[in-house]
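Shown next, in structure tokens, is the structure this report addresses.
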Amino acid sequence: MQTETATKETVIQRWNKRPLIISGPCSAETEEQVIETATRLANTGKVDMLRAGIWKPRTRPGSFEGIGAKGLPWLQQAKRLTGLPSAVEVATGKQVQDALHFDVDVLWIGARTTVNPFSVQEVADALRGVDVPVLIKNPINPDLELWTVAVERVAKSGIKQIGLIHRGFSSYGNTEYRNAPMWHLAIEMKRRNPDMLLINDPSHICGRRDILMDVAQQAIDLDFDGLMIESHIDPDKAWSDASQQVTPERLNEMLGEIIWRKEDIPSEEYHAMLEKMRQQINQLDDEMMQLLGQRMKLAEKIGEYKKANNITILQTKRWNEILERAFKKGEKLGLSQEFITKYFDAVHMESINHQNKVFHS
Ligand code: PEP
Ligand code: MN
């Protein structure tokens, strides 16, 4: 069918567009709300796909659990009126079938589903033989293996277009975020899957609209391929995630304010300058490795001395002293306590291993 082919092409084109912008309500609530959101989003000229939660995995019983399959024709209608392809979260085989039956264009696996290999497998089985792009959100807990095996399960079912959504990780303790971004995990996932689409979901990271811009900008600075941001025609009245949603017009402003960066530019001067500074970095890295090698040699010497005098490898007091010194010195050099702790943990472990070798030789 002509129209269906055209739609598939549009979806692929948009999937490959950078930055890829997906927006829409946390939940589809009413037909009017879906259509009005889609229309106002399409009017911005900056949004590529319409998202809407149809089935909502909620933490608390009694919360709104989604409108269900009855909302799927609303997305079809929104697409007819605005041309925006639709993206919906699926968590079961039946949801996959229903979504596909109503021509949902992109499916995504939510954070609560990625943690559960049974559910991911059920979704993957329902996807066998189907040609539809699938986005996989990071699992709620900071576990890259779970994210990776979810990707593997979906890939094994034959899905060719797979993308990743970074939506932050739940963590104990008060942070300013609803879900801590833990950017290093998203960066590592990108390193493992360099050609895979990676988009950021600032809405679920922030949980509040006042800091969305900062997170979105940070994602773009880190070369993410796009953003998924929740929007609602009347955010405060949203049936779910009210405090993090923005109006389509506010989204338009935000997208206008973000400084869009490229991974590269074709300027010789820029490349020459960058290359020069990178050489300097390499030189410093070499020197640091030399120093670390010398430090470990010294640790071995100390190990021999401790062994000869029959004392333990570890002296906790000394270790605290090293850290205290490093914090003081590091502060002056602009190094964070987090970095110093991680660095010295690694150095300390390596040092103990070297001394261990001496003790057992
Ligand atoms: C959502 O996108 O509305 C959602 C439930 O997200 P997550 O799976 O990231 O919690
Ligand atoms: Mn939500």
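Taken together, the values in this text are just the output of simple stated rules run on the coordinates, not laboratory data. For clarity, every value in this text was computed on a predicted model and none was experimentally measured. With ideal geometry, Cβ positions are generated from the backbone for all residues, glycine too; neighbour counts draw on all protein chains shown.
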inquiry  = I'm a student and want to see the number: the projected area of the Cα convex hull of the range 247-341, averaged over all directions, in nm².
reply    = 11.8 nm²
Dipole moment magnitude, nearest 20 debye, the range 269-316 about Cα centre, only Lys, Arg, Asp, Glu C-beta charged = 380 debye
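Remind me, relative contact order of the chain in percent, using alpha carbon pairs under 8 angstrom and six or more residues apart? Spell out each step's value before the answer.
Details: 546 pairs, mean separation 45.1, N = 361.
Normalised by residue count, the contact order of the chain is 12 percent.
Grab the eigenvalues of the alpha-carbon gyration tensor for the range 102-179, scale each by 5, take roots, and send me the semi-axes largest first in whole angstrom. Could you put the intermediate results ahead of the total?
Working: eigenvalues 124, 33, 18 Å².
Calculated on Cα positions only, the semi-axes equal 25, 13, 9 Å.
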ask   = Along the positive direction of the dipole of the range 233-361 (beta-carbon charges: Lys, Arg +1; Asp, Glu -1; about the Cα centre), which of HIS271, TRP319, ALA242 reaches farthest?
value = TRP319
task = For the chain, give the magnitude of the charge dipole about the Cα centre (Cβ charges: +1 Lys/Arg, -1 Asp/Glu; no others), in debye to the nearest 20.
result = 1120 debye
task = For the chain, find the longest principal axis of its Cα atoms and tell me its angle to the long axis of helix 268-308, 0 to 90°, nearest 10.
result = 50 degrees
note = The distance between the Cα centres of the range 199-252 and the range 273-295, in whole Å, is 39 Å
query = If you place +1 on the Cβ of every Lys and Arg and -1 on the Cβ of every Asp and Glu, how big does the dipole about the Cα centre of the range 247-348 come out, in debye to the nearest 20?
reply = 980 debye
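Please give the peptides 9-18, 146-155 ranked by average Cβ packing (other Cβ atoms within 10 Å per residue), highest first, as a rough proxy for protection. Present the calculation step by step, with values, prior to reporting the outcome.
On the way: 9-18: 14.9, 146-155: 19.5.
Final packing ranking: 146-155, 9-18.
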ask   = Taking the Cα centre of the chain as the origin and placing charges on Cβ (Lys, Arg +1; Asp, Glu -1), which of PHE359, ASN310, LEU292 is farthest toward the positive end of the dipole?
value = ASN310
message = Based on alpha-carbon centroids, what's the gap between the range 298-338 and the range 92-163 in Å, whole number please?
response = 47 Å
message = Report, to one decimal in Å, the Kirkwood hydrodynamic radius for the range 79-238 based on all distinct Cα pairs.
response = 16.2 Å
Least to most buried among HIS271, HIS232 (fewest other Cβ within 10 Å first) = HIS271, HIS232
inquiry  = Would you calculate the convex hull of the Cα atoms in the range 23-121 and tell me its volume per residue in Å³?
reply    = 96 Å³
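Please state, as a whole number in µm²/s, the translational diffusion coefficient that the Stokes-Einstein equation yields for the range 191-242 at 37 °C and 0.692 mPa s, with Rh defined as the Kirkwood radius across alpha carbon pairs. Intermediate results must be reported in sequence, preceding the final value.
Numbers: Rh = 12.1 Å.
Once the numbers are plugged in, D ends up at 270 µm²/s.
With respect to the cross-link table entries LYS8/LYS190; LYS79/LYS156; LYS8/LYS46; LYS70/LYS160, which display a Cα-Cα separation exceeding 22 Å? Walk me through the intermediate numbers first.
Working: LYS8/LYS190 26 Å; LYS79/LYS156 30 Å; LYS8/LYS46 20 Å; LYS70/LYS160 29 Å.
Over 22 Å Cα-Cα: LYS8/LYS190; LYS79/LYS156; LYS70/LYS160.
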key: Amide H contacts of GLU89 (H built 1.01 Å from N, under 5 Å, at least 5 apart or other chain)   = ALA52, ILE54, TRP55, TRP108
task = Apply the Kirkwood formula to the chain: the hydrodynamic radius equals the inverse of the mean of 1/r over all pairs of different alpha-carbon atoms; give it in Å with one decimal.
result = 23.2 Å
